[in-house]
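Asks: What follows is a single structure, and I will ask about it in a moment.
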Amino acid sequence: MKLNKKDMAILIIPIIIALIIYPMLPDMIPRQLRLDGSVAYMHKGFIFLLALLPFVVYKSRKPKN
């Protein structure tokens, strides 16, 4: 897979933002409000997986030439 400057920016910028906000996050982050009113939580380390999401969406939506 060949990455140009735009691809690298879409990959790196969200990771940098995640690194900056990581120390400010609580240990457990609410991720889902269920129908019964309870809340599901995830560990703050998953923020880095979520930071990769813009790149995955961009690569899957980009037309292949």
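The values are calculated or read from the model by the stated rules, or taken from the named source; none is laboratory data. The model shown is predicted, which means the values in this text are computed figures rather than measured ones. A quick note on method: Cβ atoms are made from the backbone with ideal geometry, for glycine too, and the neighbour counts reach across all protein chains shown.
Asks: Out of everything in region 1-51 that is surrounded by 10 or more Cβ atoms within 10 Å (Cβ to Cβ) and touching a His at 6+ places or on another chain (Cβ under 8 Å), what residue ends up being farthest from Pro63 (Cα to Cα)?
Replies: Met28
Asks: Pick out the one residue from Pro23, Pro14 that is modelled with pLDDT of 95 or more, out of contact with any helix residue (DSSP H, G or I) (no Cβ under 7 Å at 6 or more places or on another chain) and not hydrophobic (A, V, I, L, M, F, W, C). Lay out the reasoning, then the answer.
Replies: Numbers: Pro14 fails: out of contact with any helix residue (DSSP H, G or I) (no Cβ under 7 Å at 6 or more places or on another chain).
Criteria check complete, one pass: Pro23.
Asks: Any residue that is out of contact with any Phe, Trp or Tyr (no Cβ under 6 Å at 6 or more places or on another chain), at pLDDT below 90 and not in a helix (DSSP H, G or I) - is there at least one of those in region 41-62?
Replies: Yes - at least one qualifying residue is present in region 41-62.
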